[in-house]
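Step one of this worksheet: look at the structure below.
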Amino acid sequence: MSHLSAAAVPAPRPRGGVWRRFLPALLLAATAVCGSPASAAVFPYAYTKEVLPNGLTVIVVPMESPGVVAYYSIVRTGSRDEVEAGKSGFAHFFEHMMFRGTAKYPSDAYEAIITRMGASTNAFTTDDLTAYHLLFGKEDLAQVMEIESDRFQNLAYSEQAFQTEAGAIYGEFRKNITSPFSLLNEKMQDLAYDVHTYKHTTMGFEADIKAMPQGFEYSRSFFNRFYRPDNVVLLIVGDVEPTPTLALVRRYYGAWKPGYVPPRVQPEPPQRGERTGEVTYPGKTLPILDIAYKGESFQPNDREYVAALLIEELAFGETSELHKKLLIQEQKVQMLGASVPMNRDQPLFEIYAMVKKPEDVGYVRDEVYRTLETFQRTPVDTKRLEDLKRRNKYSFLMSLDTPDAVARGLARLLALTGDLSSIEMLYAQMENLTPADIQRAAQTYFTPERRTVVVLKGAKS
């Protein structure tokens, strides 16, 4: 189970001569060295955080990694922020367009620099964030900062290039939807949500993607609204020293103009009853059962929310009674799993199973319900809970072994909160959980009123 995947929008700063006169002192005040390996903190690395006057949050995490640096630009915008009707998919679209380059560094020049450095670069988009990342040698830090700050401030593309990329994205959608899991996910989100933008997947509605080539002017407004320093967290991890690194950040990102305005995302109204649906996959596949419950947004200080994170493993993980029964003893399912995600808004807590025989779908569904009812009636074994807490913390620490692993593990957390302090909140809350907390979380979240059930079946046997 991974508990790390997360942002702050500082207030606009005053401008003018007086401000400039006091700027060095204020910058010093805004820079904080946080955490310490010698302290009782769970996160094992000391790090430095600074918020520039334009709102850009910068976190530098030095760690032993001879010569290697991971560089993540985390935009706190994902498919959740696509609030305009008919415009879903644009967060993912910019994951592609950001590699189109600028007037100073066109795409081929950018690629040539990356190749010459021997660096790797890529990006990913989710519901709550878009992240651009590079891995390179520390001697190239200034060059990386120059080209990355340039494309975030000066991205340039023609209407023709825009339309070409829009066509490629539709091709990506058609390719993805050949996966039964993608088709099931699309059906589940559309059925479970009425008004919230989690109703569409990160790829977007197919009709919106098909209409993208007509959205050139909209794409420019999307970039201008969301690609602002006060909506971005810059995370630099590896063989770096905070003081010179932050000086480079101020040099290359200091002139970036703020102006982010949060979108008005409609909250999802409370669900009043169970919803069910089916979807047919046009090929051959085993049936897939997806049972989802309206959950809760990321709240590391909330006992019930943190307890729900542990139910994922306690009830449906590889050491759970249900896993042993359905996979090993009865061999009813090919796969069984659960997901209690960390999201900015209300996500779905899901249990899913690939069932070997279509006639067993109802049986497996009822076994999931029976398991949840057991957790609602009976406190979980104390030793098993304590073992899971220790294993969870150990797994987290063991996952932080390289700069890229650290940065990738922290990206979602930073997108949600803008700060690493939520790690300590989360694990402190987890440490104090009791079997009664697990029981209450099961009673709160896993109720029929919150439930949506979708079954995917193949058209070919």
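Miscellaneous remarks
- So residue 60, is it open to solvent by 10 Å² or more (accessible area, probe 1.4 Å) and β-branched (Val, Ile, Thr): no
- In the set 148, 50, 82, 95, only one residue is among the acidic types (Asp, Glu), open to solvent by less than 30 Å² (accessible area, probe 1.4 Å) and within 17 Å of the chain's Cα centre (by Cα); that residue is 82.
To keep it simple, each residue is scored yes or no on (1) in contact with a Leu (Cβ under 8 Å, 6 or more places away or on another chain); (2) within 30 Å of residue 121 (Cβ to Cβ); (3) in a loop (DSSP other than H, G, I, E, B); (4) of a type in the set (Asp, Glu).
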| residue | (1), (2), (3), (4) |
| --- | --- |
| 368 | yes, no, no, no |
| 375 | yes, no, no, no |
| 380 | yes, no, yes, no |
| 388 | yes, no, no, no |
| 393 | no, no, no, no |
| 397 | no, yes, no, no |
| 406 | yes, yes, no, no |
| 409 | yes, yes, no, no |
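- Close pairs from segment 296-322: first within 16 Å of residue 427 (Cβ to Cβ) and open to solvent by 10 Å² or more (accessible area, probe 1.4 Å), partner assigned to a helix (DSSP H, G or I) and aromatic (Phe, Trp, Tyr), Cβ under 6 Å, at least 6 apart: 299/305
- Single unsatisfied condition, residue 175 versus (1) touching a Phe, Trp or Tyr at 6+ places or on another chain (Cβ under 9 Å); (2) modelled with pLDDT under 95: (1)
- For segment 152-164, the set of residues classified as in a helix (DSSP H, G or I) and in contact with a helix residue (DSSP H, G or I) (Cβ under 7 Å, 6 or more places away or on another chain) consists of 159, 162, 163, listed by residue number.
- Residue 124 vs. criteria surrounded by fewer than 19 Cβ atoms within 10 Å (Cβ to Cβ), of a type in the set (Phe, Trp, Tyr), closer than 30 Å to residue 243 by Cα and at pLDDT 95 or above: yes
- Index of the failed condition, residue 110 passing every other in (1) under 20 Å from the mean Cα position of the chain (by Cα); (2) closer than 20 Å to residue 153 by Cβ: (1)
- Extreme residue, farthest from residue 280 (Cα to Cα), among residues of segment 183-218 that are open to solvent by 40 Å² or more (accessible area, probe 1.4 Å) and charged (D, E, K, R): 217
- Residue match in segment 278-295 (condition: in a loop (DSSP other than H, G, I, E, B), at pLDDT 95 or above and charged (D, E, K, R)): no
- Segment 229-273, subset over 25 Å from residue 137 (Cα atoms), at pLDDT 95 or above and of a type in the set (A, V, I, L, M), residue least open to solvent (accessible area, probe 1.4 Å): 265
The values are calculated or read from the model by the stated rules, or taken from the named source; none is laboratory data. The shown structure was predicted, so the numbers you read here are calculated from the model rather than taken from an experiment. We place every Cβ from the backbone using ideal geometry, glycine too, and count neighbours over all the protein chains shown. Accessible surface is based on the protein model in full, side chains and every heavy atom, while ligands, DNA and RNA are left aside. Shrake-Rupley method; radii C 1.70, N 1.55, O 1.52, S 1.80 Å.
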